[in-house]
Amino acid sequence: MLEYVERKKKRITVLVSLLLLLLIAIYAGISFGAVSVSFKEIWTILVSSSEGTYEKIVYNLRLPRVIVGLCVGACLAASGALLQGVMRNPLADPGIIGVSSGGGLFAIVTMVIFPQYSYLLPFIAFIGAFLTTILIYLFAWDKGASPVKIILAGVAMNAVLGAIMNGIMVLYSDRVQSVIGWLSGGLNGRSWYHVEIILPYTIIMLLISLFAIKPVNILILGDDSAKLLGQNVELIRMLIILLASFLAGIAVSVAGLIGFVGLVVPHIIRLLIGEDYRFLLPFSIIGGAALVVIADTAARSLFDPIELPVGILLAALGGPFFIILLRRRRMV
């Protein structure tokens, strides 16, 4: 009983901390930059209809960028958490196993070769992530698809897709300037147009992901235990991986190839509160949203007047974390 109470208190503490972090991230994203906007000025802008320089900065530049960052971080963290759960491996991540690269390849083809279809980018990126997931599953299938085989097939697919993307950039070198920033992963120039693209998909898919909590909790017990509980393990795993692919595709379509959010955030939450996805998944969604906005704010503020793509900063932070995680698991 005492252990249950302590665990509940810890979860409440973590939740409150994450919500505070999220609020701080939103405020920092709106306030900090080349031109600082105070809390009082932000409040005045939000509650009144006055027009001025600060209002244009807040409404036209920073607020949509923050909303897009929240959606991207939430989708990537949810995708990573789901993949780690169904594969029972904290090293699983939409970027590492090739899901993001699949969406990225289709997005690059659209932007470079068929720019007239750019308005379909979220759906096209999902198709790329979806088809990549199917291929990974087919390559890993041998009387079933074990989590280890899926990860290995995903890593190989990631390498192949990366080579294809580089090939497209060489063949269409006169058009790649428009996607270089996208390849690095960034939120520069994101506007209300991008909010309209990503927000509906994000809300719908995050709500759907909550229905995956119970199946993931069962799969964590192991395939044999899940089958004894009457679960169709292969079908459930495939559906959840497809859901994770859609979430990753949503993020990739608007923000480019931002990595390590789906790896780092769920793993940190897991260390704090354990494996129960009733808490791990929603906490990861909040943490992922806060992380991307904070990282983006830092990337565009700390290096002023140069705006560093947030994907580069997250890779610089996530790479060492990944190495530490590998060493802790004694895999290197």
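The values are calculated or read from the model by the stated rules, or taken from the named source; none is laboratory data. Note that the coordinates shown come from a computational prediction; the quantities given were computed from them, not determined experimentally. Note that each Cβ is placed from the backbone with ideal geometry, even for glycine, and that neighbours are counted across all protein chains shown. To get the accessible areas, we keep the full protein, side chains included, count just its heavy atoms, and leave off ligands, DNA and RNA. Shrake-Rupley method; radii C 1.70, N 1.55, O 1.52, S 1.80 Å.
Descriptive notes on the structure:
- Among the residues of region 192-230, those identified as among the small types (Gly, Ala, Ser) and surrounded by 13 or more Cβ atoms within 10 Å (Cβ to Cβ) are Ser209, Ala212, Ser225, Ala226.
- Taking (1) touching a residue at least 24 places away in the same chain (Cβ under 8 Å); (2) open to solvent by 40 Å² or more (accessible area, probe 1.4 Å); (3) of a type outside the set (Lys, Arg) in turn, Asp93 satisfies each apart from (2).
- Some residue of region 100-107 being among the hydrophobic types (A, V, I, L, M, F, W, C), farther than 30 Å from Ser36 by Cα, open to solvent by 10 Å² or more (accessible area, probe 1.4 Å) and free of Cβ contacts under 8 Å to residues at least 60 places away in the same chain: yes
- Scanning region 232-248 for residues that are closer than 19 Å to Gly259 by Cβ and open to solvent by 10 Å² or more (accessible area, probe 1.4 Å) turns up just one, Phe246.
- Residues located in region 203-213, provided they are of a type outside the set (A, V, I, L, M) and either closer than 9 Å to Val86 by Cα or touching a residue at least 12 places away in the same chain (Cβ under 8 Å) (or both): Ser209
- Any hit, region 115-128, residues being open to solvent by 10 Å² or more (accessible area, probe 1.4 Å), closer than 19 Å to Gly181 by Cα, among the aromatic types (Phe, Trp, Tyr) and at pLDDT 85 or above: no
- Residue within region 135-156 that is open to solvent by less than 30 Å² (accessible area, probe 1.4 Å), in contact with a Ser or Thr (Cβ under 7 Å, 6 or more places away or on another chain) and not in a loop (DSSP other than H, G, I, E, B) present: no
- The residues in region 174-191 that are surrounded by 12 or more Cβ atoms within 10 Å (Cβ to Cβ) and over 21 Å from Leu313 (Cα atoms) can be counted, and the count is 3.
- Figure legend. Inter-residue proximity from region 292-314: first residues without any contact (Cβ under 8 Å) to a residue 12 or more places away in the chain, second residues open to solvent by less than 10 Å² (accessible area, probe 1.4 Å) and part of a helix (DSSP H, G or I), beta-carbon distance below 6 Å, spacing 6+ or different chains. Indicated pairs: Leu308/Ala299.
- Complete set of residues in region 33-69 that are of a type in the set (Lys, Arg) and either within 24 Å of the chain's Cα centre (by Cα) or open to solvent by less than 40 Å² (accessible area, probe 1.4 Å) (or both): Arg62, Arg65
- Some residue of region 80-93 being within 9 Å of the chain's Cα centre (by Cα) and of a type outside the set (D, E, K, R): yes
- Hits in region 9-32 - residues which are hydrophobic (A, V, I, L, M, F, W, C), surrounded by 12 or more Cβ atoms within 10 Å (Cβ to Cβ) and farther than 18 Å from Trp192 by Cα: Val14, Leu15, Leu18, Leu19, Leu21, Leu22, Ile24, Ala25, Ala28, Phe32
- Residue selected from region 157-171 under the condition in contact (Cβ under 8 Å) with a residue 12 or more places away in the chain and not hydrophobic (A, V, I, L, M, F, W, C), by the criterion surrounded by the most Cβ atoms within 10 Å (Cβ to Cβ): Asn158
- Listing of helices (runs of 4 or more DSSP H) fully contained in region 1-108 that carry 2 or more residues being of a type in the set (Lys, Arg): 2-31
- Of all the criteria given as (1) at pLDDT below 85; (2) surrounded by 19 or more Cβ atoms within 10 Å (Cβ to Cβ); (3) not acidic (Asp, Glu), the one not satisfied by Leu2 is (2).
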